[in-house]
Every structure is written in structure tokens, then in C-alpha cells.
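In what follows, a structure is listed as C-alpha cells, so that the remarks can point back to it.
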Amino acid sequence: MHTRLVAAVFVAGAVAVAAGAAQARDQINIVGSSTVYPFATVVAENFGRGSDFKTPKIESTGSGGGMKLFCAGLGTDHPDITNASRRMKGSELEKCRANGVQDVVEIKIGYDGIVIANAKTAPEMHITLRHLFLALAKQVPEGNQEGGKLVDNPNRTWADVDPALPNVAIEVLGPPPTSGTRDAFNELAVEGGCKTFPALQAIKQEDKNRYKAICRGIREDGAYIEAGENDNLIVQKLAENPNALGVFGFSFLDQNRDAVKGASIDGVPPEFENIATRAYPVSRPLYFYVKKAHVDVIPGIREYISAFTSDDAWGDEGYLTDRGLIPLPTDERTKFGDDAANLAPLESL
Amino acid sequence: MSSSVPTTISSQAAANRLLLRRKRAERRFQLYGILAISAAVGFLVVFLASIVSRGYMGFVQTEVRLTINFEQELVEAGSYRKILRTSLAELFPEAGSSRAERRALAGLVSAGTVFVLRETVEADPAIAGTVRDVWVLASDPVDQFHKGRIDASLPEEERPISDASLARIAALEQDGRIALRFNRSFFSRGDSRNPEEAGILGAIVGSALALVVTLVVSFPIGVMTAVYLEAFAPRNRITRLIEININNLAAVPSIVFGLLGLAVFLNVFGLPRSAPISGGLVLSLMTLPTIIISSRAAIRAVPPSFAEAAIGLGASRVQAIFHHVLPVAAPGTLTGAIIGMAQALGETAPLLMMGMVAFVVEVPGGFTDPSTVLPAQVYLWADSPERGFAEKTAAAIIVLLGFLLVMNGLAVYLRRKFEKQW
């Protein structure tokens, strides 16, 4: 008798699955960057509550993981939209096309600043990109001077980097290599500092790979500490250790101004206005990408896009700015707003 | 007795010394044990204290009493934003009508208030055209300040709440318009990006649905495997190989099952991503070895005389097993199953691959609806920048621990109830 009951439950379960799989999807599936996640989720929630459509489901997979899922093919098994904290790569677009995803609409939504912060109780830091390179790169020119031959980074304290900086050990907590924030930090901050040495920049012409290894290589001797993907954790650790610096997104600085403060870079403090005007050097664009073939197949995609690109959301005073998104300049906003409305696909990258 | 044994004084003293040393060694050993237990209890207390001290505030929420004029025309036009704005402006007439001031006023209450007002009217259309007092959720900064988590003595630019807002909160307090109330939405709603509105019901239902799938799949298969291996299978190389493999499977890291699930359930069978059915199947793969091993141990613990007596009286092997051995082994089998379920409840890694670590607002209604699970919800909230999510994270952990406690308690209860003495 019991076995019969178990068998019945089994069959019922199998039927339920078959029925579910046969159903068409009526909910937008979104994947992608964990940096865009806090913004996309707010839009999705407001969109779901303010319309008759279901609230889109958003997975935080990272930019690269999102592209992989997004470009895997067409159809309800694959996501409709992917978020990214960097632009789609040419190779990724090719992969998309090879899998039948012909038309991809690119929408840039704003900027995100990456801040270098320390505890409220610690002295203020005024650093330059060059300081960051000298403090964190794997190899630096000998004597920290132009023309020195490359040696393993000998700088132990910030004063070693520049006598004007405090004499405390270099200790920077930041995201691991899997994170988009880390990519952007390496590219914008460390490489930015590297470029201030003309001799190093010259390598780019000769050997691109060697240039990348020098200018984006982070030291592995314990001065840069991979503190995991959780930015809240970095903020907590900074509050406890006044000597450490941390690397994270602007919105976490904005929410924790009573515990940490941002270091000015090249004389520019990490403030909302400075990031918006691009005066602050370490900021990156945020995007989302839409599969054009899914529009009008999965209900609500068109409406979700227009909710995201409404002035109420991404405008200068939209609700996304309350969450720390730095809005686009007006001309860019008009351009991408039009692209979004016309669903103009990417030509090439 | 001892006097009759001839002993020299020196050997007597040596024996005493030896005895003393042995007693000391025993006391020392007990001391190590007590130290070990106190260390374990100490860690547990520190862990629980830190979670509870952070999380208990998550179960209450600051609410604000607004006097709302549900004007007929505005309700019909759906202009709830305007209704809310008017009500706030009446409350604080000194605030100008500039955009910045209006935003500051709207920032006192939750961003979801507009939707709540609409839902209120939709639930009871008679409200249209009347003036009502409505308790609405305060915004996250107001909530955090009212709970004492924001230090008002800091300079204005260093705290997430302005001086003007502080004055308004003080005015609300004087009028008795602000209060800490039980956080109903925490238990009645799905996820939200506004910490004051975020609820855990979606994750609880998602976990429950996934566990139902896990139980339905892994319990019968696990028990049948155990019965066959213990009672019917011939002892040969193949069964030994299977045994070793099952024991090894129990030690495989759970993420491996996630990768397997992604490749097989999602890519080959085309099951829906982020759905409890797919998540539950992966968890059942993970739980199977636990159930098989504990069921086999339970069946083996039943004295063979039970089955022999039944067979001797003319029962078949199947009858002997199902009528006499399995009922006696049931407590052990059930305990194994519940422990396995409790493990599955706390698992995130394999579900990450199945897309169940996701922002899902709607409470799932079935096995194929997108959903998340309790530990995934904890992970997502812990990673959110808004202040209020810190206590929500801890509160969700308390709920998760509560469920684990109930499940383990159930295991103990079942064992006590069905355990037979022989």
C-alpha cells in the first residue's frame, strides 16, 4: 500500500514537471553583473509592482558569466537580458551570433565609481594613480623612478612609495580576480598609474601581453588582500583596522559614510558630482544587453526597457541615483534612450 | 585482604604514588574534556549572541501614521504619488514645494508606499473619497535612526539622514505618529530591494518546495537501495564496489552536484532554471548517500532473529523485511532522512549553479516557478549596500536556524516515539 502511495506521488510529480516545462515563459529572465544587480533589481521591482507584468527574475552571475548564459542561444531556456559592468567584447558578440543571437541591443545606463577608502578614524589619504601602481603592482621600476629596471615590488609602506604619504604598511583589501570591480580597478587605477611612466607605456607598442602583465599585475606578497566579493565585509574590516585601505563600489561608500571615508585620487575626492563629470579617474560604465528576438515573445521586455530608461529611473534625479548610480551625461542619455526605444541592434564591436 | 599480602613499605609507597598519578591523569583528562566542551559552547554562545543581537530588530519595523486623503478623482486617475505627496505636505507645511524638498519628504517613508496605498484601495474600494489614518513603513534611514543604529551626533554629511529629516522625525514622535511595530511584511512578502519591505516568505516557500521534491525523490530511492543492499543483494565484487561508491559520494563537495545538475537536468532534460523542481533534484542527489548509509545502518541493527522467525513461520523474504524488519528500523531511517533534509536546507553552493541565487519578488506558487531558498536569500541580503539589510540578514539566519532546530527536534522526537526495546 505504501509503495503504491509513493509511486502515485512520483507520477504526480512527473506530470507536474512535464506540464510546467511545456508552459511558455511569461516572466523576463535577467542575468549578469553583480554591480548592476542592485540597480536592475530596483527597476524590476518597481516595474513589477507598477504594471500587470510579472516581476523579472534577476540572477547575479557576474558580467562574464552573464554573457556566457546570454549568448548560449535563443528560446525560453535562455535569458532575455544580461547586465554588465563592462562593454560586451567582440569575441562575445561573435559567440552570440554563432549561437543564433543575431541582434543585440546595447544600453548604457550610467557610471559606477570605484573608491579607495579607509576608516573614519584614520588620517585622510590623498593619493595618485601613480601611488596606487607603485604600491600594488607586482613589478615596479627600481627606485620608483622613471627608467629604473623592473624589480619585484620592494615598497613596504606608503612612505616608501612617496615620503609625503603616512609611514604605515601597505595593506589594501579588495575584490578577487573573478570580480568585475577588480578588472576595472586593475585597468583604470593600476594601469592608469603605470601609464604615467613613459618607458612602461612604450612597451605597449612592442609587446602587448608583456605590457598587460606589468601594468595590470597585482602583487601577491600579502600587501593586496583578496577580501572576497562581499563589499560590506570590506567596510567592516576597514572600520576595525585604521591602517588598511579598501577597494569597493561607490554605493557602499555612500551608505557607510559614518564608518569609512574615500581617498581623493589625483586630487579629486570620490563625490557624486566628480564621478558624474568624469573628473574622478576611477569610474566605469554600466550596461545591459537585450536579445531583440525575445522582444514581443516574452511579454514585458519592451516595457521593462522603457521603465529602465525613463527619466524617473535613470534621470539626473531618478530613483537609481538614490541607490548610487551615477547618471549619464544628457547627450549620452538621449542617444541610448533612442537606441532603447528603437531597439537599435549593435552593428559590431 | 591487603594485610595478608606481604608487601614492603617502599613498594606500598610506590603503589600509592602510581595510584595518585593515575588519578591525577584521570582528573587531567576530565579537565581537557570540560575545556573542550566549554570552548565549543563558548563559540556557540558567541555565534548565537552576535546573530540574535543583530537580528532581533529585523522582526520589528518603524512605521509612520499618515493621514491620507483618498480624493475620489485622484484615486480614479491612479495618482497615488500625488495623494501621498499632498498628505506629507500637509504634515510638514514648512517644507517648500521645491523638488529637493519634496524628495526629502518622500524619503521619510518607504519607496513602496505609493504601491501600498494603491493596494489598500484595491482591497477596499470604499476607502476612495474618504480621509483615513494609514500606518505605512518608514524608509530605511528613518527606520535605522529610530532603532538607534545611526548616531545623530555625527556631522550631517557623515550620516545618511539630514538635519531637516531629524527634526521631522522628532515632530512625528511628539505627535505619536511613529512607532516600532511587528514586521508583518517580513513574513508575508518576497524579496525587495527596499530593506524595510523585504520579506522572507518567498525564500521559505522556495525552500519548502525544493525539500518536498528532495524528500519525494531521495527517500524512496534511498530506502529501497538500502533494503536491497542489506537484505537481498549477493555479496560480491559488484555490490562491494557500489557500497564503496555510495560512501564516497557522501563526501563529494556539494558544488560538484550543482555542476552535474546544470549539465544533466537543465541542459539535457531542459528543466526550468531557478525552479524548485530542478533545485530539489540536485539536492536529492546530495541527500541520497546520507539516507542510504543511515538506512543501512538502521536495518543492520535489527537482530536477524526477527527476519528468521518470520521466515520460519512461512513468511516470504519480502514479507519478513516489510512487515518486521523495516518497521523496527524506521526510527533510524527517518532520522537519517531528516538529517539529510536539514543538510539540504542549508545548502547554497549547488543551487548557485541551478540559478536559485536570484532576485525573486513573487512568492513561488508551484514547483516550476522561479524561486530562491533561505540560505541564498541570506547570501543576497548580506551583499546589499543598504544599511537595513544587515539586520534582515541576521533575522533570516535566525529563521533558518529555527527551521533547522525544528527538523532536528523532529528527528529526536520520532526516534523516541518509534524506538522499540527488545
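The values are calculated or read from the model by the stated rules, or taken from the named source; none is laboratory data. From a predicted model like this one, the values you see are computed outputs, not experimental measurements. Here the Cβ is made from the backbone with ideal geometry for all residues, glycine too, and neighbour counts use every protein chain on show. Protein only, heavy atoms only, side chains kept; ligands, DNA and RNA dropped before computing areas. Shrake-Rupley method; radii C 1.70, N 1.55, O 1.52, S 1.80 Å.
Working only within segment A:249-306, note down all residues that are away from chain B (no Cβ under 12 Å) and basic (Lys, Arg). Across segment A:249-306, the qualifying residues are A:Arg278, A:Arg284, A:Lys291, A:Lys292, A:Arg302. Of the residues making up segment A:224-239, those that are outside any helix (DSSP H, G or I), open to solvent by less than 50 Å² (accessible area, probe 1.4 Å) and at pLDDT below 90 are A:Ala227, A:Gly228, A:Asn230. Taken over segment A:308-335, the criterion of being within 14 Å of chain B (Cβ to nearest Cβ) and open to solvent by 10 Å² or more (accessible area, probe 1.4 Å) is satisfied by A:Ser310, A:Asp311, A:Asp312, A:Asp316, A:Glu317, A:Tyr319, A:Thr321, A:Asp322, A:Arg323. I need the full set of residues from segment A:269-282 which are open to solvent by less than 30 Å² (accessible area, probe 1.4 Å) and at pLDDT 90 or above, in order please. Residues satisfying the conditions are A:Pro270, A:Tyr280, A:Val282.
Here the condition is being within 29 Å of B:Lys420 (Cα to Cα) and modelled with pLDDT of 90 or more; of B:Gly279, B:Gly312, B:Gly258, it holds for B:Gly312 alone.
Could you please let me know if B:Ala394 is more than 30 Å from B:Pro327 (Cβ to Cβ) and either of a type in the set (A, V, I, L, M, F, W, C) or open to solvent by less than 40 Å² (accessible area, probe 1.4 Å) (or both)?
Yes: the conditions hold for B:Ala394.
Within segment A:240-266, the residues that satisfy the criterion of being in a helix (DSSP H, G or I) and either over 13 Å from A:Leu173 (Cα atoms) or small (Gly, Ala, Ser) (or both) are A:Phe250, A:Ser251, A:Phe252, A:Leu253, A:Asp254, A:Gln255.
With respect to the conditions (1) touching a strand residue (DSSP E or B) at 6+ places or on another chain (Cβ under 6 Å); (2) in a helix (DSSP H, G or I), B:Leu74 lacks only one, and its number is (1). Considering only segment B:358-371, state which residues are under 14 Å from A:Asn29 (Cβ atoms) and more than 7 Å from every other protein chain (Cβ to nearest Cβ). Answer for segment B:358-371, where residues must be under 14 Å from A:Asn29 (Cβ atoms) and more than 7 Å from every other protein chain (Cβ to nearest Cβ): B:Asp369, B:Ser371.
Residues that are more than 17 Å from the chain's Cα centre (by Cα) and hydroxyl-bearing (Ser, Thr, Tyr) within segment A:149-208 comprise A:Thr157, A:Thr196, listed in sequence order.
Every residue, every condition in (1) at negative phi; (2) open to solvent by less than 50 Å² (accessible area, probe 1.4 Å); (3) modelled with pLDDT under 90; (4) touching a Gly at 6+ places or on another chain (Cβ under 7 Å), yes or no:
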site: B:Gln12; (1), (2), (3), (4): yes, no, yes, no
site: B:Arg21; (1), (2), (3), (4): yes, no, no, no
site: B:Ala25; (1), (2), (3), (4): yes, yes, no, no
site: B:Phe29; (1), (2), (3), (4): yes, no, no, no
site: B:Ala36; (1), (2), (3), (4): yes, no, no, no
site: B:Leu44; (1), (2), (3), (4): yes, no, no, no
site: B:Val60; (1), (2), (3), (4): yes, yes, no, no
site: B:Leu74; (1), (2), (3), (4): yes, yes, yes, no
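B:Gly314 satisfies every condition listed in (1) open to solvent by 40 Å² or more (accessible area, probe 1.4 Å); (2) within 14 Å of another protein chain (Cβ to nearest Cβ); (3) among the small types (Gly, Ala, Ser); (4) free of Cβ contacts under 8 Å to residues at least 24 places away in the same chain except (2). Screening B:Gly148 with (1) part of a strand (DSSP E or B); (2) free of Cβ contacts under 8 Å to residues at least 12 places away in the same chain gives one miss only, at (1).
For B:Ala179, the conditions (1) crowded, with 17+ Cβ neighbours inside 10 Å; (2) under 31 Å from the mean Cα position of the chain (by Cα) are fulfilled apart from (1).
Counting residues in segment B:212-231 that are outside any helix (DSSP H, G or I), within 11 Å of another protein chain (Cβ to nearest Cβ) and open to solvent by 20 Å² or more (accessible area, probe 1.4 Å) gives zero.
Going by the conditions given, is B:Ala164 in contact (Cβ under 8 Å) with a residue 24 or more places away in the chain, more than 14 Å from chain A (Cβ to nearest Cβ) and in contact with an Asp or Glu (Cβ under 9 Å, 6 or more places away or on another chain)? Spell out how you get there, then give the answer.
Numbers: in contact (Cβ under 8 Å) with a residue 24 or more places away in the chain: yes; more than 14 Å from chain A (Cβ to nearest Cβ): yes; in contact with an Asp or Glu (Cβ under 9 Å, 6 or more places away or on another chain): yes.
Taking the combined requirement at face value, the residue satisfies it.
The set of residues in segment B:247-264 that are buried (at least 22 other Cβ atoms within 10 Å of the Cβ) and either within 14 Å of chain A (Cβ to nearest Cβ) or not hydrophobic (A, V, I, L, M, F, W, C) (or both) comprises B:Gly258, B:Gly261.
The set of residues from segment A:308-342 being hydrophobic (A, V, I, L, M, F, W, C) and part of a helix (DSSP H, G or I) comprises A:Phe308, A:Ala313, A:Trp314, A:Leu320, A:Phe336, A:Ala340, A:Ala341.
Confirm whether B:Thr214 is closer than 19 Å to B:Asp369 by Cα, among the polar types (S, T, N, Q) and modelled with pLDDT of 90 or more. Judged against the criteria, B:Thr214 is a match.
When A:Ala72, A:Ala16 are checked against the criterion of being modelled with pLDDT under 90 and either assigned by TED's automatic domain parsing to the domain that holds A:Pro175 or surrounded by fewer than 20 Cβ atoms within 10 Å (Cβ to Cβ) (or both), a single residue qualifies: A:Ala16. With the structure loaded, tell me whether A:Asn256 is at pLDDT 90 or above and of a type in the set (S, T, N, Q) or whether it fails that test. No; evaluated as a whole, the condition is false for this residue.
Taking segment B:114-144 as the range and being open to solvent by 40 Å² or more (accessible area, probe 1.4 Å) and among the small types (Gly, Ala, Ser) as the test, the residues that pass are B:Ala123, B:Ala126, B:Gly129. When A:Ile265 is tested against (1) touching a residue at least 40 places away in the same chain (Cβ under 8 Å); (2) exposed (fewer than 15 other Cβ atoms within 10 Å of the Cβ), exactly one condition is not met: (2). Every condition in (1) away from chain A (no Cβ under 13 Å); (2) under 18 Å from B:Met356 (Cα atoms); (3) out of contact with any Ser or Thr (no Cβ under 8 Å at 6 or more places or on another chain) holds for B:Arg235 except the one numbered (2).
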